[in-house]
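For reference, the structure is listed below as structure tokens.
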Amino acid sequence: MEAIPKSFEEWKNCIEEKCGIPLTLEFAEKRFSIYTNDHLPETQRFVKLYGAGHLSNIKEWLSIVIQEKRYQK
């Protein structure tokens, strides 16, 4: 796996296994709300570090988690 995940499965493994962060609905919704606001310093910093393309991937992957978790309820 590369330093920047290229697929949902790579990203999910990185977050849950390597970082030890459970992908809960609350986590995904919070991160999604931050990353969809281009005016927030955190979002701007993310784009500066990882690029707009990766931000787009992250938002898509967070959306997948949100949909899966909401459907499970």
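Explain nothing, just the number: dipole magnitude of segment 23-72 about its Cα centre with +1 on each Lys and Arg Cβ and -1 on each Asp and Glu Cβ, in debye rounded to the nearest 20.
Roughly 80 debye for segment 23-72.
Given an 8 Å cut-off on Cα distances and at least 6 residues of separation, report the relative contact order of segment 23-72 as a percent.
Normalised by residue count, the contact order of segment 23-72 is 50 percent.
Return the lysines within reach of Lys18: Cα separation strictly under 25 angstrom, same-chain partners fewer than 8 residues apart disregarded; answer none if there are no such residues.
Lys6, Lys30, Lys48, Lys59, Lys69
Beyond 14 Å, how much of the Cα-Cα pair distribution for the chain remains, as a whole percent?
62 percent
Here, each number is a calculation from the coordinates, and none is a lab measurement. Note that the structure is a prediction, hence the values are computed from the model and not measured. Using ideal geometry, Cβ is built from the backbone for each residue, glycine included, and neighbour counts are taken over all protein chains shown.
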